[in-house]
Structures are given as C-alpha cells and as structure tokens.
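**Student:** Below you'll find the structure I mean.
The values are calculated or read from the model by the stated rules, or taken from the named source; none is laboratory data. For clarity, every value in this text was computed on a predicted model and none was experimentally measured. In this analysis, Cβ positions are derived from the backbone assuming ideal geometry, glycine residues included, and neighbour counts consider all displayed protein chains.
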Amino acid sequence: MLTIMIVLFVILIVLVAIAFRMIREQIKDHRRLEVTYDGSLEYDKMNEKIKGTWLAVVIIIILMVGMCDSAKAGQPFRRSYQKSLDAHKDAIVERMMIKTPVVVRPFVSTKGHANRYSREIRGYMVTTPDTLYVYISLRLDLDEMHDVLQHEMVHVWQVDTGELRVLRNGWVFRGNFYPIDTPYAELPHEKEAFMLESNRIFRKESIHG
Ligand SMILES: [Zn+2]
C-alpha cells in the first residue's frame, strides 16, 4: 500500500515539473508574442493555454495534498494494531459465545466524512448472511480503536443472538421496527451498546495476553 503511494507521489511530482516547464515555455512564447503582435487572436489563444496549464497544476497539487492526508491517516495502522484488535475481538467472541464469524478491518474516513447524524464515523458494522464485519477508522489512535471495537462488538453480539436485524430501511430490535430516520439517541440497540461497551466483558483491560 505504502509503495503504491510513493510511486503515485513520484509520478505526481514529475507531472508538476512537466507542467511548470510548459508554463515557462508558454510565458516565453507569450513575451515574444507581446513584442510582435498587438492584441491579436493568437495572443488571446496563448492566454487561454496558460490558464489551462495553471488549472492542471492546481488540480495536481490538490490531489497531492489529498494523498498525503490519506497516507497520514493510514500510517498508524500497523500489523501490531490489527493483532491487538483481533485479540480483543477474539476474547469478546469467546466470552459472549458469538457463533457468527467476525472480521475486523480498518477503513479510511476522510475528514468531514460524517454519517447522517453529522458526526465523523469512527466505526460501523456490516452484516452479511455468514460473516459480520467491523470497520474501524484509521484516523483513531489504538486506544480509541479499542473503544470503538467494544461498541461495535455489542452490535455484533446483538445480531448474533438474533435480537438485532439490520435492514435496508431501518432496524428490528427485540421484535420492534425502527425506521432509518429514527434519531440515533432513540435507537434502543444504540442505547444498549453505549451501556454495555464499558462493561468489563467488552473492555480490553480485562483481557489477558
Ligand atoms: Zn452503535
């Protein structure tokens, strides 16, 4: 992943260098035109060309800044982080006797990438018929990742026991349907998750090894 980033970065730097060279050439031509022509069509065309090249440079720079930003976000997620989160997850699976396979994965949330409750997404769960996926934001430090895992594992447990069903248009929790536009704070499975996430069964500190 990092190697791809570096290669892309080098390509972008080369592109910027080429663009700057082009601008320099164009400005040179431009000066020559200024001497020989006087408000001609050619002169206007040259102006447009220079504007276009500058626009390309600005776009490339924006892309580079974006790449640095996501590289920074992805940087802390080391193999040791995955191991630490997996150990935490496995311990909860054992204690809560969760039967459905659970996979923990990182994801990159871009700044301002918020859910419909307009808060940055720290983690979420995806349900498939045979596996449950817990996604954790790469923007968090390891302690925060464990906090998010605790919360999401309560949802995993709710789904595994059949108490929670995630539908396209809402949730079914203990036999009651809650439509997708129900305020977050009113969702009973969220209330339960916030209550149980700090229980020692879900906490990382109570896990040995
Ligand atoms: Zn939740």
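**Student:** Which pairs have Cβ atoms under 7 Å, sit 6 or more apart or on different chains, and link a residue in segment 185-202 that is part of a helix (DSSP H, G or I) to one that is surrounded by fewer than 17 Cβ atoms within 10 Å (Cβ to Cβ)?
**Tutor:** 190/184
**Student:** Do any strands (runs of 3 or more DSSP E) entirely within segment 98-160 hold 1 or more residues that are modelled with pLDDT under 95, over 30 Å from residue 68 (Cβ atoms) and in the same structural domain as residue 183 (by TED's automatic domain parsing), and if so, which?
**Tutor:** Correct list: 123-127.
**Student:** So, one more: Pick out the one residue from 144, 192 that is more than 13 Å from the ligand (Cβ to nearest atom) and among the acidic types (Asp, Glu).
**Tutor:** 144
**Student:** Does residue 70 satisfy being modelled with pLDDT of 75 or more, assigned to a helix (DSSP H, G or I) and under 30 Å from residue 203 (Cα atoms)?
**Tutor:** It is false that residue 70 is modelled with pLDDT of 75 or more, assigned to a helix (DSSP H, G or I) and under 30 Å from residue 203 (Cα atoms).
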